Amino acid sequence: MNFHVMTLFPEMIRNGLEESITGRAMNKNIISLNTVNIRDFSQDKHLHVDDYPYGGGAGMVMQPGPIYRAFESIKAQTGKEKLRLVYLTPQGSVFNQSMAKDFAKEEDLVFLCGHYEGVDERILEMIVTDYVSIGDYVLTGGELPAMVMIDAISRMVPGVLSNDVSAEFESFSDNLLEYPQYTRPEEFMGNKVPDVLLSGHHANIDKWRREQSLLRTRKWRPDLLEKAELTKKDIEFLDKNPIS
Ligand code: 4G1
């Protein structure tokens, strides 16, 4: 899968994604990252890419020309006339795991990162196919949202995760929070690992983990529990264990 990112801060995107699992996936050529510096497409002698908003108001707005030409260069490079283009914006649909899976089906995916007060509306109407937000807070630019999306989408691309991790994940994309994890030592500063995990009794371990997931989801993310597919046993267990 090829990610293309139109940004004023290409280094930020590259530096963030070349580490860890996304970095390894790039080295293995399972994904690629093409950062396109919008400033390279300025035709201004001072390399400006922004100007004052018509109608007045605070701050600056990114101009349509450099973004248009940056996108044309990506179309030329891919040889594709139609490309899915995500504009990261607080006005977009809130990103989730099912969107990550859907975007992971694309061969090429283009991101446009805004800065200042945003981007001239006319170029958005011309090229954007998807308006996406990563949540409700104020940021300085769309770069971190693009990195968040690329990370989440990459791990849905076949070959990026090891087989056992992706199989494990599939069984947990079920709207429940994960159960607590423990590793060595068996006792840390007087705190022991739950006995059941040391028992070697796999049915009991699975049951305990399922119950922990149910309890945590009810306590911290009751909104998710409403979307989860609960068995009769799950419901019985929750009813027998009142909220702590
Ligand atoms: C009004 C948050 C403005 C921010 C209301 C999540 C935030 C892109 C995102 C802003 C951005 C709220 C995102 C705000 C984002 C132009 C450049 C927009 C940065 C910009 C709640 C600044 N998910 N924010 N405006 O943060 O790009 O994708």
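The values are calculated or read from the model by the stated rules, or taken from the named source; none is laboratory data. Fair warning: this is a prediction, and the values are worked out from it, not measured in the lab. Neighbour counts run over all protein chains shown; Cβ positions are idealised from the backbone, glycine included. For the accessible areas, the whole protein counts, side chains as well, though only heavy atoms, and no ligand, DNA or RNA atoms are used. Shrake-Rupley method; radii C 1.70, N 1.55, O 1.52, S 1.80 Å.
Please list, by residue number, every one of the trypsin sites (Lys or Arg not before Pro) in region 162-232 that is coil in DSSP and has at most 11 other beta-carbon atoms within 10 Å.
Listed in order of number, the matching sites are LYS227.
Going toward the positive end of the dipole of the chain, with +1 on Lys and Arg Cβ and -1 on Asp and Glu Cβ, which of ILE38, GLY56, ALA76 do you reach last?
Value: ALA76.
Could you pull out the longest piece of the chain with no exposed loop chymotrypsin sites (Phe, Trp or Tyr not before Pro) in it, calling a site exposed if DSSP puts it outside H, G, I, E, B and it has at most 16 other Cβ atoms within 10 Å?
With chymotrypsin sites (Phe, Trp or Tyr not before Pro) excluded where exposed in loops, the chain gives 55-136 as its longest stretch.
Using only alpha carbon pairs under 8 Å that are at least six residues apart, calculate the relative contact order of the chain and give it in whole percent.
Averaging sequence separation for qualifying contacts and normalising by length gives 19 percent for the chain.
Provide the FRET efficiency to the nearest 0.05 for the LYS219-GLN181 pair, computing r from the beta carbons and using R0 = 25 Å.
Rounded to the nearest 0.05, the efficiency is 0.90.
Can you list the residues of region 117-145 with backbone N under 18 Å from a point 7 Å past the Cα of ASP51, pointing along Cα to Cβ?
From region 117-145, the list is 117-126.
Could you derive backbone 3J(HN,Hα) for region 151-157 from the dihedral phi with the Karplus parameters 6.51, -1.76 and 1.60 (θ = phi - 60°), listing whole Hz in sequence and x where the residue is Gly or Pro?
Here the 3J(HN,Hα) series is 4, 5, 6, 4, 6, 8, 7 Hz.
Using a 10 angstrom cutoff on alpha carbons, build the Gaussian network for the chain and name the most mobile of PRO158, PRO53, PRO194.
PRO194
Rounded to the nearest 20 debye, what is the charge dipole size of region 1-157 about its Cα centre when +1 sits on each Lys and Arg Cβ and -1 on each Asp and Glu Cβ?
Computed charge dipole of region 1-157: roughly 500 debye.
Do any GluC sites (Glu not before Pro) in region 38-130 lie in a loop, going by DSSP, with at most 10 other beta-carbon atoms within 10 Å of their beta carbon, and if so which?
Loop-located and lightly packed - GLU81, GLU107.
Of PRO222, MET99, PHE111, which is farthest along the charge dipole of the chain in the positive direction, counting Lys and Arg as +1 and Asp and Glu as -1 at C-beta?
Of the listed residues, the answer is PRO222.
Would you calculate the convex hull of the Cα atoms in region 117-238 and tell me its volume per residue in Å³?
Values: hull volume 24.8 nm³, N = 122.
It comes to 203 Å³ per residue, whole-number rounded.
Sort ILE127, ILE235 by heavy-atom solvent-accessible area, probe 1.4 angstrom, most to least.
Ranked list, largest accessible area first: ILE235, ILE127.
For a quick check of your reading of the filter: which trypsin sites (Lys or Arg not before Pro) in region 63-111 sit in a DSSP loop and have no more than 14 other Cβ atoms within 10 Å?
LYS80, LYS82, LYS105
Considering the options PRO242, GLY141, ASN163, tell which one lies farthest towards the positive end of the dipole of region 134-244, charges being +1 on Lys and Arg and -1 on Asp and Glu at the Cβ, about the Cα centre.
It is PRO242, whose Cα lies furthest towards the positive end.
Determine which aspartates and glutamates satisfy two conditions relative to LYS82: a Cα distance under 14 Å, and not lying fewer than 8 residues away in the same chain.
Here the aspartates and glutamates satisfying the reach criterion relative to LYS82 are GLU72, GLU106, GLU107, ASP108, ASP130.
At 20 °C and 1.002 mPa s, grab the translational diffusion coefficient of region 194-244 from Stokes-Einstein with a Kirkwood Rh over Cα pairs, rounded to a whole number in µm² per second.
Result for D is 182 µm²/s.
Which of LYS192/LYS227; LYS105/LYS232; LYS80/LYS105 have a Cα-Cα distance over 24 Å?
Among LYS192/LYS227; LYS105/LYS232; LYS80/LYS105, the Cα-Cα distance tops 24 Å for LYS192/LYS227; LYS105/LYS232.
Assuming 0.36 nm per residue, please report the length gained on full extension of the stretch ASP151 to ARG14 beyond their Cα-Cα distance.
So the chain would gain 48.1 nm between ASP151 and ARG14.
Which aspartates and glutamates, on any chain, are close to LYS28 with Cα under 14 Å apart, when same-chain ones fewer than 8 places away are left out?
Those aspartates and glutamates meeting the cut-off are GLU18, GLU19.
Separation of region 1-40 and region 200-239 by C-alpha centroid, Å?
38 Å
For the chain, just the Cα set please: Rg and Dmax, both in angstrom.
When restricted to Cα atoms, the chain yields Rg and Dmax of 22.9, 72 Å.
So which lysines can LYS45 reach, going by Cα to Cα under 29 Å and dropping same-chain residues fewer than 8 places off?
Partners found: LYS75.
Length gain on complete extension for the stretch MET189 to GLN91, per 0.36 nm per residue less the alpha carbon to alpha carbon distance? Kindly include the intermediate steps, with their values, before the conclusion.
Numbers: separation 98, 0.36 × 98 = 35.28 nm, distance 4.76 nm.
That pair, MET189 and GLN91, stretches by 30.5 nm at full extension.
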